[in-house]
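Each remark here refers to the structure printed beneath this line.
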Amino acid sequence: MEKGITIKKWEMDYSFLIKNYLNPEMWEKTWTLFQYKNFVITLNIYCIYTAQESISFDVRCHYVTEYGVKDYIEETISISLKIEDVTFMKRQINTAILNCITKLEIQRYICKTEEYENLQTKREDEREALEGIAEEFLDKCNITNDTLREAYTDAYVEEYAKFPSMINDYVSSRMYRELTDFYLIWLDTLEDDPKKEIRTREIKERLGDEAYDEIMQEIKEYEEYMETKDFKDEMENNLEEIIDE
């Protein structure tokens, strides 16, 4: 681990917070829960619901973008005031923090990779190819109703497009690789939380390269297949007859 890295965890008195949530001074406060490198986790009261007897909290993961701009990822959780034991509240907040780290990794890291951007481009290429096939078919069937054409084309693309699921597989294969240390260091601070063991095991199991390599190979093969006549023939065979009523 790098020397001089900042790791801090603040112990929060959640019982005090629940007992004093009606104090207006509490509404303006933001509590820092954890800090690692340039990531800071905070908590603040978002809303009080009298009818539901619950409080909503904002959990935020603050970070600095590659352009030096401060930003944050947010999760909102609801805590019932009918539950007196704060253990459940602590676990909800811990889960929200993990969700923030996950969203941060996906939105600010994985989705910024060259591979992901290329996949998005290929997804658009695939959609255009499928739309062209569907529209040719509709023209041959003399279907002129715009609403019917749009509905048929959208349904056809959704049914046979492969890249949306491939993109999801790519994201899944990259999970825990960009912010591995952040995940593991946060998990290491947890006590008596089932998420610690479950998520730690999941991270360790996913760190292998096999799944990632398989996804990338599948994407490469499908991309090459899209350039062939067999692709167009197969997609045309999937077209269903329709009647313009």
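The values are calculated or read from the model by the stated rules, or taken from the named source; none is laboratory data. Predicted model, so just to flag it, every value in this text is computed and none were measured. Positions of Cβ are backbone-derived with ideal geometry, glycine not excepted, and every protein chain shown enters the neighbour counts. Only protein heavy atoms, including side chains, enter the accessible area calculation; ligands, DNA and RNA are left aside. Shrake-Rupley method; radii C 1.70, N 1.55, O 1.52, S 1.80 Å.
At-a-glance table
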| item | result |
| --- | --- |
| Relative frequency of Cα-Cα separations exceeding 15 Å in the range 99-140, percent | 59 percent |
| Relative compactness, the range 149-227, computed as alpha-carbon Rg over 2.2 N^0.38 Å | 1.56 |
| Calculated from backbone phi, Karplus (6.51, -1.76, 1.60) coupling profile of the range 107-117 in Hz, x at Gly/Pro | 6, 9, 10, 4, 6, 9, 6, 4, 4, 5, 5 |
| Carbon/sulfur fraction of accessible area - the chain, other protein chains in place, 1.4 Å, % | 45 percent |
| Percentage relative contact order, the chain, counting C-alpha pairs under 8 Å, at least six apart | 13 percent |
| Rotationally averaged projected area of the range 5-51 (alpha carbon convex hull; nm²) | 3.8 nm² |
| The chain, dipole about Cα centre (Lys/Arg Cβ +1, Asp/Glu Cβ -1), debye to the nearest 20 | 2260 debye |
| Coordinate range along principal axes, alpha carbons of the range 35-111, Å, largest first | 44, 22, 20 |
| Signed unit charges on C-beta, dipole axis of the chain, positive-most listed residue 203, 160, 40 | 40 |
| The range 1-148 - Kirkwood radius from inverse mean 1/r over Cα pairs (Å) | 19.2 Å |
| Highest-fluctuation residue, 140, 122, 162 considered, GNM on the chain with Cα pairs under 10 Å | 140 |
| P(r) of the range 98-245 over all Cα-Cα pairs, binned every 10 Å from zero, in whole percent | 10, 31, 24, 18, 12, 5, 1 |
| Accessible area expressed per residue, the chain, with surrounding protein chains retained (probe 1.4 Å, Å²) | 62 Å² |
| Cβ-based charge dipole, the range 1-74, positive-most Cα from 59, 12, 27 | 12 |
| Charge dipole of the chain about the Cα centre (unit charges at C-beta), most positive-ward option of 101, 172, 134 | 101 |
| Residue range of the chain that is longest and free of chymotrypsin sites (Phe, Trp or Tyr not before Pro) which are both DSSP loop and sparsely packed (at most 13 other C-beta within 10 Å) | 68-245 |
